[in-house]
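The values are calculated or read from the model by the stated rules, or taken from the named source; none is laboratory data. Everything numeric in this text was worked out from a predicted model, so none of it was measured. As a convention, Cβ positions derive from the backbone with ideal geometry for all residues, glycine included, and neighbour counts pool all protein chains shown. What goes into the accessible areas is simple: the full protein's heavy atoms, side chains included, and nothing from ligands, DNA or RNA. Shrake-Rupley method; radii C 1.70, N 1.55, O 1.52, S 1.80 Å.
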Amino acid sequence: MTERVVLSVHPAHRDDIGDLVTRRPVPGPGIDHVGAFLFLNHHGPQTYPPGNRGLPFGPHPHRGFETVTFILEGELAHTDSAGHESVIRAGGVQWMTAGRGIVHAEVSPTAFKRDGGRLEILQLWLNLPARLKMTAPRYVGLQAEAIPAVEAEGATVHLISGGLQGAMGPIESLTGTMLGWVELREGTVTFDGLSGRDVFLYAAHGGIQIAGRQVPQFHLAQLSAGDSVTITAPEPALFLFGHADPIPEPIVAHGPFVMNSVEEIRQAFADYQAGRFGVAEIVAG
């Protein structure tokens, strides 16, 4: 069995959105994407005061990929043009397949804007292959109690999709992606079955080590090929982990759309401007 090692480490660069603290490790200098994993925004951690304006993500469109949103602290209200609506609390996840086109809003519930509180959110974009880019939109919102917490060596894996130690995540990924976030106590955890897969690894809290190489907090690690990876933490840490089959197709991204050609991007803008994505109302929460 071949162990993966760290090829490069990439910092998450600050790119605040208004008063929302935002760090982005990918895309960034020297890294456009990690295989099927296209984009990550790390919002917070921060404390909002009472009487705040909340999150700034009013209705906006997407096509051609999926968004997975991890609510580590706080709450997030979702609504979309396909008729889905939810308020997901800390420890929960939202998985949205934009597919052929959707408009959604991700805002703070009324109570959070009134009372304030802690907030930390990770949003990851997952590519879809050409055969699925125009699939029907879908949405799954899960509270913390619906997400298995799998004990694996010195870690707790909050398993969203895919399998681990006989457990299965509650969301069936269209592309067979394994995804979760991992709380690693002082110790080690090993993930195997990675041969031929794109692996995504981002240190959100605390630093981690892989084959003696440090991956500090707020950094993303690009790994070598191999069957497994062993991750060690000298102190408690939390990291985002996933793996997916490669999608050997062109990636053409512009704003909220990710397609395979410039012409498809133009068509996405035309369809959105013509109202073909529908309308999402903002949730009061």
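For this structure, a couple of remarks:
- Yes/no for T156 being at pLDDT 95 or above, polar (S, T, N, Q) and under 25 Å from A274 (Cβ atoms): no
- Those strands (runs of 3 or more DSSP E) of region 95-147 in which 3 or more residues are at pLDDT 95 or above, within 18 Å of G58 (Cα to Cα) and open to solvent by less than 40 Å² (accessible area, probe 1.4 Å) occupy 102-107, 117-127.
- Checked against (1) in a loop (DSSP other than H, G, I, E, B); (2) open to solvent by 10 Å² or more (accessible area, probe 1.4 Å), L194 passes all but a single condition, namely (2).
- Candidate set from region 148-171 (those that are touching a strand residue (DSSP E or B) at 6+ places or on another chain (Cβ under 7 Å) and not in a strand (DSSP E or B)); member that is surrounded by the most Cβ atoms within 10 Å (Cβ to Cβ): G169
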